[in-house]
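Working notes, beginning with the structure itself.
Every number in this text was worked out from the coordinates using simple rules, so none of it is lab data. As the structure is a computational prediction, the values presented were derived from the model and not from experiment. Heads up, the Cβs are rebuilt from the backbone with ideal geometry, glycines too, and the neighbour counts pull from every protein chain shown.
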Amino acid sequence: MKILIKNIKSLVQVEQDVRLKVSGAEMKKLSCIENAWLAIEEDKIVDFGEMKDFPGISDWSNLQMIDATGKLVLPCWCDSHTHLVYAGNRESEFVDRINGLSYEEIFKRGGGILNSAKKLVEATEDELFESAMKKIREVILLGTGAIEIKSGYGLSFEAELKMLRVIKKIKENVSIPVKATFLGAHAVPVGVTKENHIENIINEMLPRIAEEKLAEYCDVFCERNYFSKEETIRILAEANKYGIKGKVHAEQLSHAGGVEAGVASKAISVDHLEFANENDISILKNSETMATILPGAQFFLGLQNPPARKIIDAGLPLAIASDYNPGSCPSGNMNFMISLACINYKLTPEESINAATINSAYAMELSKTHGSIAIGKQANIFITKEIPNYSFIPYSFANNPVETVILNGKIYK
Ligand code: NIG
Ligand code: FE
């Protein structure tokens, strides 16, 4: 099977040399080919160039031709932070917040993550699987081509395993890469002390998860009233022993040392960062850890802006993900996430597209195969509707610019 896309108005995020991530001032550059063609064979990108240099077609067998006149082609979005396996929704808490309660107050009353944990216990694996697959299908049609999914609404051993098995089944049934993250340290379950919960995570859950190969990453919600910096380091050190790398929910509602804990644990990413400070930025400079912002959650909870501009201006790489979850971001629309980053944090369209493709691929260790248009990379791309240029994507906020998604060399339907 071969696909040839011709007359592409602009082929966006083209790489000659494969990079693992883009940092600092480099993020302002987005390499494009105007009036381009792109060839796909089997599941890979095999060639591309300018229409004026198009070599013609020598072998028409099994070839599907797509005319992309007036349209752009981009690598699919990479969403490196989601919690999209969940039961029910939390719109009543949304109304509580409108009426003046804070996210933290709702949690203290047994809502928030604990509310989702209660709903999750009652749901069957099949129900969780079906509703997650529906969400994944929706985000793929919005251009998402790789996704990370966390557990963390189970909290008990059994319910966490249930979530991770659902994620495993999703992996086996979707045509995009899925990375699973164990987030047992999302909150302390009702009726258990924090010390016991951490002991459970370390002595029961992690060994079993490693044995069943149920997670690539281990995450901790490092936050006051949840898990401290020291507890985060302790949990991630245990995970590292099994070759499970860390991720951290860091500095979201307060400054709690999540960035420090993440960097000390060689975490693949530290995410949220609303309360990250200058010291955190300098700590990140000496690391391979990807700073990741989740503009949808910051927007939905009305939190202060993360220092996204400062992070890039300090020469660091930055990634964007959705945080798709029922409590702080009930949307996985990456087009909207990059709009928010441009509008609220003054990222340029080039910076936010780099952040939502190659850098968010890095935050899932997928940047060798995803996150850009390069020869040999996975054919994981989308064709836009007729739009004038890539800046139109964040500009035209809350609209869907995507017309056709191609995954593994096949049109996704
Ligand atoms: O990334 N902050 C912690 N975890 C999620 C929200 C979880 C929830 O409210 O269900 C987040 O924002
Ligand atoms: Fe999250």
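Quick look at the values:
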| item | result |
| --- | --- |
| Between the stretch 342-385 and the stretch 205-228, the alpha-carbon center distance in angstrom | 27 |
| Degrees, to the nearest 10: 334-345 long Cα axis against longest axis of the chain | 80 |
| Prolate/oblate/rounded label for the stretch 31-173 (Cα gyration tensor, a/c 1.5) | prolate |
| Cβ crowding within 10 Å averaged over residues, with 209-215, 294-300, 365-371 ranked highest first | 294-300, 365-371, 209-215 |
| Peptides 279-287, 260-268 ordered by average Cβ neighbours within 10 Å, highest first | 260-268, 279-287 |
| Restricting the stretch 170-260 to chymotrypsin sites (Phe, Trp or Tyr not before Pro) in coil, as DSSP defines it, with at most 16 other Cβ within 10 Å | Y242 |
| GNM flexibility winner over the chain from L161, L316, L101 (Cα, springs under 10 Å) | L101 |
| Sorted by Cβ density within 10 Å, fewest first, the residues I140, I98, I202 | I98, I202, I140 |
| E403 long-range amide H proximity, modeled H, under 5 Å | I383, T384, K385 |
| Note, ³J(HN,Hα) from phi for the stretch 360-373, Karplus 6.51, -1.76, 1.60, rounded to Hz, x at Gly and Pro | 6, 5, 4, 6, 10, 6, 10, 6, 6, 10, 9, x, 6, 9 |
| Between the stretch 250-283 and the stretch 1-73, the Cα center-to-center distance that results, in Å | 37 |
| Three-way shape call for the chain based on the alpha-carbon gyration tensor, with the a/c threshold at 1.5 | prolate |
| Ellipticity estimate at 222 nm from DSSP helix runs (n ≥ 4, -39,500 (n - 2.57)) divided over the chain, nearest 500 | -9500 deg cm²/dmol |
| Neighbour-count ranking [beta-carbon atoms within 10 angstrom, fewest first] of W60, W77, W37 | W60, W37, W77 |
| Likely footprinting exposure, S269, S339, S58, S391, fewest C-beta neighbours within 10 Å first | S58, S391, S339, S269 |
